[in-house]
Amino acid sequence: MKICACIAEYNPFHLGHKKHLDYIRRELGADKIIVIMSGNFTQRGEIAVLDKFTRARHAIQAGADLVLELPTPLATANAEIFAKGAVNILNSLGVIDGICFGVESGDKKDYILLADALNDESREYKKALKAELEKGVSLAKAKFNALKNLGRDEFDQNLISSPNNILGLEYTKAILKLKSNMEIYPMLRDGNHNDTTLKKGITSATSIRETLKTGKKRKVKNCVPPFVYKDLGAYPFAIENLILASVYKQSTKEMAKISDCTEGLENRIKAFSKDNQDLETLVEKVSTKRYTKTRVRRILTANLLGIDKFDLQDFLEEKLYAKVLAVKESSKELISLLVTNSSIPVLTRKSDVDKLKKSAKRCFEFDILANDIYNLVSEKKQNENHMLIIK
């Protein structure tokens with residue numbers, strides 16, 4: 001049995017995601033598809049359009065067989081940690097044959113070639129990387145330029161040109177570092193990941209979210225499956241004040257412990273927060289060419305949830321868990337397969353959670369907190385220990 005995985009957010013699930021699942025099933029010949037998906041907060045540092053259980057159900061309805069949750073601390077981190085955390089969990093399952101991810105350009109050979117070079121972090125490379133970072137360029141570009149400055153110019157620069165390509169590269173790096181047998185399957189995607197303009201048919205999740213923010217839900221009807229459209233509601237949720245209050249409450253010393261909050265960025269955030277009592281305005285004021293809006297939002301979300309860089313390091317080094325959000329009824333045998341082959345606990349009920357120890361238990365506590373906050377601002381009630389069985 002061939003089992004293929006994909007790493008996703010489905011924020012919300014749209015026709016491009018459906019095409020991806022269909023590609024895995026038809027073109028790659030997967031018998032089963034396992035998705036590991038961000039929970040109630042995403043890698044952009046934003047609260048999700050729909051709760052994680054609803055989005056997991058959408059994935060099953062669209063063709064996936066089982067959906068796992070990527071733990072909150074990893075799901076809300078930068079691309080490298082997000083990718084490494086997801087790959088670590090998928091590799092620990094012991095049943096995944098390959099990972100398929102959407103990209104704007106490049107093929108399997110291109111990603112492996114560059115990922116292998118980036119994994120070889122010699123002293124000379126680290127020195128060249130530091131010099132590039134001091135110029136104020138993004139981390140991905142700094143890494144690429146460092147290789148180029150060391151005479152390695154055989155790589156495709158387009159692989160660091162978009163968030164999807166960068167994530168694909170990070171997935172590949174993580175797989176190579178683990179010496180995993182999982183294959184990589186880059187799939188060329190339609191459209192631009194960051195395009196805010198809504199298009200008919202396949203369009204970006206960004207454009208759908210931006211349209212929903214205007215209250216014009218009907219405009220996205222032809223961009224998402226009917227079962228997704230039915231569940232879409234008011235967005236965004238009233239979470240701004242919670243995030244701002246957490247900034248006021250937190251000391252700069254504690255905020256400096258957050259991953260990606262470096263070079264005194266905590267002082268910049270605290271200084272601007274007093275005179276900009278609107279979240280978007282604050283993000284706009286704090287961000288620069290070096291500190292992107294997405295990076296600032298991630299820091300603010302981590303601050304709200306209390307996730308610091310020491311937590312992240314711990315969660316990347318220790319065995320965590322595979323929390324099942326939803327499973328197709330006809331594929332329930334996958335749960336037994338995971339329990340038998342996985343080197344990490346598979347969580348399907350509260351009694352499974354009660355057995356978690358140390359780092360895994362602490363990590364799951366962040367999932368509980370994220371779920372509680374989501375319930376608060378969305379005025380819904382989702383049980384963290386729930387697992388959906390979809391016919």
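Structure summary
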read-out	value
Span from the segment 113-176 Cα centroid across to the segment 351-379 one, whole angstrom	34 Å
For the chain: accessible area per residue (Å², 1.4 Å)	45 Å²
Descending semi-axes in Å of segment 71-110, equivalent ellipsoid built from Cα gyration tensor	20, 16, 7
Positive-end extreme of charge dipole, segment 214-299 - chosen from Gly264, Ala238, Gln277 (charges on Cβ)	Ala238
Segment 1-152 - percent relative contact order, Cα under 8 Å, separation 6 or more	23 percent
Alpha-carbon centroid distance for the pair segment 205-228 / segment 1-20, whole angstrom	18 Å
Förster radius 41 Å - calculated FRET efficiency between Ile368 and Asp156, Cβ distance, rounded to 0.05	0.45
Percentage of interatomic Cα-Cα distances in segment 211-290 larger than 18 Å	55 percent
Descending semi-axes in Å of segment 242-347, equivalent ellipsoid built from Cα gyration tensor	38, 16, 12
Extension gain (nm, one decimal) between Glu280 and Lys350, 0.36 nm per residue minus Cα-Cα	21.5 nm
Among (i) 67, 47, 39; (ii) 53, 49, 48; (iii) 216, 64, 31, the entry that matches Cα extents along the principal axes in Å as calculated here	(ii)
Surface accessible to a 1.4 Å probe, Asp110 within the full protein complex, Å²	50 Å²
DSSP loop GluC sites (Glu not before Pro) with at most 16 other Cβ within 10 Å: longest gap in the chain	155-262
Solvent accessible area, Å² - His17, 1.4 Å probe, full protein context	40 Å²
Estimated dipole of segment 1-125 in Debye, rounded to 20 [Cβ of Lys and Arg +1, of Asp and Glu -1, Cα centre]	500 debye
Accessible surface, 1.4 Å probe, highest first, among residues Arg123, Arg44, Arg55	Arg123, Arg44, Arg55
Charge dipole (debye, nearest 20) of the chain; +1 at Cβ of Lys and Arg, -1 at Cβ of Asp and Glu	680 debye
Extension gain, Leu28 back to Thr292 (0.36 nm per residue minus Cα-Cα distance, nm)	91.4 nm
Relative contact order [Cα under 8 Å, 6+ residues apart], the chain, whole percent	23 percent
Whole-percent pair-distance distribution, where bins are 10 Å wide, for the alpha carbons of segment 55-193	11, 38, 36, 11, 3
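The values are calculated or read from the model by the stated rules, or taken from the named source; none is laboratory data. As the structure is a prediction and not an experimental result, all values here were calculated from the model. Glycine also receives a Cβ, built like all others from the backbone with ideal geometry; neighbour counts cover every protein chain displayed. Keep in mind that these areas ignore ligands, DNA and RNA; they rest on the heavy atoms of the full protein, side chains included. Shrake-Rupley method; radii C 1.70, N 1.55, O 1.52, S 1.80 Å.
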